[in-house]
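First the structure, in the form of C-alpha cells, and then the observations on it.
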Amino acid sequence: MAPALLSCEHPRMLTLTDDLGHLSYVVSGDGPPVVLVHAGVADHRMWDAIVSGLAERHTVIRYDLRGFGQSAPPSGPFSETDDLRRLLDHLGHDRVRLVGASWGGRVAVAFTLAHPDRVRSLALLAPPWPGYPWSADMVAYDEAETEALASGDLDAAVRINLDMWLRGPARGWEDVPARLAGQLRDPMRTSLANQDIVAEHSQGAAEGDVSAVPVPTLVGIGKLDVADFQDIARRYASGIPGATLAEFDTAAHFIALDAPTELLAVLRPFLAR
C-alpha cells in the first residue's frame, strides 16, 4: 500500500527495502505525480528550492539513488531503472512526469525508453551523453578527482567537484552563494565515498536511441555550465522528436540550485501539459 502523502512543509524520509538494501524517498504535495531524480554528486536535497512550487499542483516524489544520501550502498548488482520502477510500483503510480538532473537525467531517459507507457513527460537538466568525446578540461577534472580519491583525500575530491560543477568554468566563487557549497558538501562526500561500490554493482543506464523517446521532452542547460554539457544538451534537444531547449543565463551545472525561480517558471507550464 502506498504511504499517505506528506506535506511539503515537513516531509520526512521513508524507505523501500529489498534484498539489496533500502531506497529512501520523500513525498510532498498532491496532484499528478512528478518524480525528481538527482545528479550524480548530490542527493534528493538538491531539489529543495523548487519542491514547494511544484507541490502546489503535483505530488512530488524525490528519492536517493543507491549509495547516495540516505539510501544504502548496493550489496549486489542493481539497475537504476529497475529501482525507479519498483519505487513507482510501491507508491502505486502507473504513469509519472520525470525530471532528471545530470546523471539523474540519464536514468530518466533510460527509464522512459524501457517503460514508455509509464512516463507522461520528460525534463532533462544537463544530462550526460553516453560515449561523448570529452574535452581536455573534462579529462583533467576526472584525473584530478581520481587522484584525490586514490590518495584517500575525500576533502580534495569534494573541492574538485564543487569547483567543476557548482562554480563552473565561467564564474568565480565570489559569484556563487556560499550556502550552495554548504548544501552540496555532505551529499558530495557521501556520493564520492560510495562511488566505487556503486560503480562495481550498477548495471548502468541503458543507452538506447533518443529518437525513440515518445513523450514531450524539455532539455535544460545552464549557460555557465561546462561547454561539453552545453553541446550535449543541444544533441538531446535535436535528437528527441519535438524536444524543447531551455537555456538558463545564471546557472552552471546545477540549475535547480542556481536558478530555482527561473526553473520553476519553465517547469510548471511544461508539467501541466
Next item on the list: Check the range 135-146 and report whether any residue there is surrounded by 15 or more Cβ atoms within 10 Å (Cβ to Cβ) and outside any helix (DSSP H, G or I).
Entry: no
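Checking the conditions here, which among Ser191, Ser238 is of a type in the set (Ser, Thr, Tyr), modelled with pLDDT of 95 or more and open to solvent by less than 10 Å² (accessible area, probe 1.4 Å)?
When all the criteria are applied, what remains is Ser191.
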Item checked: All positions within the range 194-222 that are of a type outside the set (S, T, N, Q), at pLDDT 95 or above and in contact with a helix residue (DSSP H, G or I) (Cβ under 7 Å, 6 or more places away or on another chain) -> Val210, Ala212, Val213, Pro214, Val215, Leu218, Val219, Gly220, Ile221, Gly222
Note to self: Given (1) closer than 24 Å to Ala233 by Cβ; (2) open to solvent by 10 Å² or more (accessible area, probe 1.4 Å), identify the lone condition not met by Val96.
What the structure shows: (2)
Check: Cβ-Cβ below 9 Å, separation at least six or inter-chain, first residue in the range 207-231 and free of Cβ contacts under 8 Å to residues at least 12 places away in the same chain, second among the β-branched types (Val, Ile, Thr) and surrounded by 22 or more Cβ atoms within 10 Å (Cβ to Cβ): which pairs?
Finding: Gln230/Ile221
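Tell me, please, whether a residue that is on the phi > 0 side of the Ramachandran plot and either outside any loop (DSSP other than H, G, I, E, B) or open to solvent by 20 Å² or more (accessible area, probe 1.4 Å) (or both) can be found in the range 46-69.
Narrowing the range 46-69 to residues on the phi > 0 side of the Ramachandran plot: 67, 69.
Cutting the leftovers down to either outside any loop (DSSP other than H, G, I, E, B) or open to solvent by 20 Å² or more (accessible area, probe 1.4 Å) (or both) gives us 69.
Within the range 46-69, one or more residues are on the phi > 0 side of the Ramachandran plot and either outside any loop (DSSP other than H, G, I, E, B) or open to solvent by 20 Å² or more (accessible area, probe 1.4 Å) (or both).
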Next item on the list: Filter the range 29-76 down to residues that are among the hydroxyl-bearing types (Ser, Thr, Tyr) and in contact with a Ser or Thr (Cβ under 7 Å, 6 or more places away or on another chain) and give me whichever is farthest from Leu87 (Cα to Cα).
Entry: Ser71
Checklist line | Counted residues, the range 198-228 - those being farther than 27 Å from Pro269 by Cβ and open to solvent by less than 60 Å² (accessible area, probe 1.4 Å) | finding: 7
Checklist line | Single unsatisfied condition, Leu23 versus (1) open to solvent by 10 Å² or more (accessible area, probe 1.4 Å); (2) among the hydrophobic types (A, V, I, L, M, F, W, C); (3) modelled with pLDDT under 95; (4) within 27 Å of Trp165 (Cβ to Cβ) | finding: (1)
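Rundown of residues vs (1) within 19 Å of Tyr132 (Cβ to Cβ); (2) of a type in the set (Phe, Trp, Tyr); (3) under 16 Å from the mean Cα position of the chain (by Cα), yes/no style:
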| position | (1), (2), (3) |
| --- | --- |
| Gly220 | yes, no, yes |
| Phe229 | yes, yes, yes |
| His253 | yes, no, yes |
| Leu264 | no, no, yes |
Note to self: Condition check: of a type in the set (A, V, I, L, M, F, W, C) and farther than 26 Å from Gly208 by Cα. Does Ala72 satisfy that?
What the structure shows: yes
Checklist line | Odd one out for Leu91 among (1) surrounded by 20 or more Cβ atoms within 10 Å (Cβ to Cβ); (2) touching a Lys or Arg at 6+ places or on another chain (Cβ under 9 Å) | finding: (2)
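The values are calculated or read from the model by the stated rules, or taken from the named source; none is laboratory data. Model, not experiment: these values are computed from the prediction. Glycine also receives a Cβ, built like all others from the backbone with ideal geometry; neighbour counts cover every protein chain displayed. What goes into the accessible areas is simple: the full protein's heavy atoms, side chains included, and nothing from ligands, DNA or RNA. Shrake-Rupley method; radii C 1.70, N 1.55, O 1.52, S 1.80 Å.
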